[in-house]
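Working notes, beginning with the structure itself.
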Amino acid sequence: MLKGIDEMNSLNNLAVWMIRWDFGGDAIINTNKHVRLTQDRPSEMGWLWSRMPIRVDNYQIEVEFKINGKGHSLFGDGMALWLIKDRASPGPVFGSVDYFTGLAVFLDTYANSRHAYSFPRVTAMLGDGKTAYDHDHDNEKTEVDVRRRDVPTKLKLTYIKELKKLQLALQADDWNKWKVCFEVPDFTMPAGEIYLGFSALTGDVSDAHE
């Protein structure tokens, strides 16, 4: 359930809050419940993007989300949080554009090749506009289970420009129990306007991404 982003305090405010956002693809807006980026169906793609760029130097984005479906052994592909310049550009990377400029956080639920680690997993990538997402190897060079959890799953991304600090934490095991996935020192977001967005993608296998 994409909800709780910055100024939205309750689901009752969702209809008003959506005025500041655009959505497309297969995304469905339920004003009483959630934003569903994809249903649990093959070959779907959906997105949600802020209409205004982020205009502050320091920020914390906290989002409640849900990834679930009928599959127990085969499911996918996953979803992403974007802080990039390429607003609302559908594409092959979890439903958004490749060769992006900015930061992306991937909640990857499908292994496209063999790995020593398990899936689902969470990774991040700072795009320079010239480097492609390594889809065939699941962005291996750049984990926490976030699928079918018993408690609401939440993501908290914190960026402090003055300290050059980026941190990602997840709530997946218990209420208000946050696990730091990674903390990047000496990190600076690209200059210029960036937009907050979310996207999700399904292929031959699927999940609902909310």
- Query: Taking segment 36-49 only, how many residues are in contact with an Asp or Glu (Cβ under 7 Å, 6 or more places away or on another chain), surrounded by 17 or more Cβ atoms within 10 Å (Cβ to Cβ) and over 9 Å from ALA208 (Cβ atoms)?
  - Reply: 4
- Message: For a quick check of your reading of the model, give me the residue pairs whose first member lies in segment 43-64 and is among the basic types (Lys, Arg), whose second is assigned to a strand (DSSP E or B) and open to solvent by less than 50 Å² (accessible area, probe 1.4 Å), with beta-carbon atoms closer than 7 Å and at least 6 apart or on different chains.
- Response: ARG51/TRP21; ARG51/ASP22
- Item | Residue list for segment 76-112, filter: among the small types (Gly, Ala, Ser) and within 18 Å of MET189 (Cα to Cα) | ALA80, GLY102, ALA104
- Exactly one condition in (1) under 23 Å from ASP108 (Cα atoms); (2) out of contact with any Pro (no Cβ under 9 Å at 6 or more places or on another chain); (3) not small (Gly, Ala, Ser) is not met by PRO190; state its number. (1)
- Message: Can you tell me which residue is most open to solvent (accessible area, probe 1.4 Å) among those in segment 63-80 that are part of a strand (DSSP E or B) and not polar (S, T, N, Q)?
- Response: GLU64
- Note on the structure: Within segment 161-189, residues under 16 Å from LEU81 (Cα atoms) and either open to solvent by 40 Å² or more (accessible area, probe 1.4 Å) or not in a loop (DSSP other than H, G, I, E, B) (or both) come out as LEU166, GLN167, LEU168, ALA169, LEU170, GLN171, CYS181, PHE182
- Query: Are any of the residues in segment 83-92 at pLDDT below 85, surrounded by fewer than 20 Cβ atoms within 10 Å (Cβ to Cβ) and of a type outside the set (Lys, Arg)?
  - Reply: no
- How about segment 30-59: which of its residues are in a strand (DSSP E or B), over 12 Å from GLY197 (Cβ atoms) and at pLDDT 90 or above? ARG36, THR38, MET45, ASN58, TYR59
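The values are calculated or read from the model by the stated rules, or taken from the named source; none is laboratory data. On a predicted model such as this, the values are computed, not experimentally measured, just so you know. Every residue, glycine as well, gets a Cβ built from its backbone with ideal geometry; the counts of neighbours run over all protein chains shown. Note: accessible area is taken over every heavy atom of the protein model, side chains too, but ligands, DNA and RNA are not part of it. Shrake-Rupley method; radii C 1.70, N 1.55, O 1.52, S 1.80 Å.
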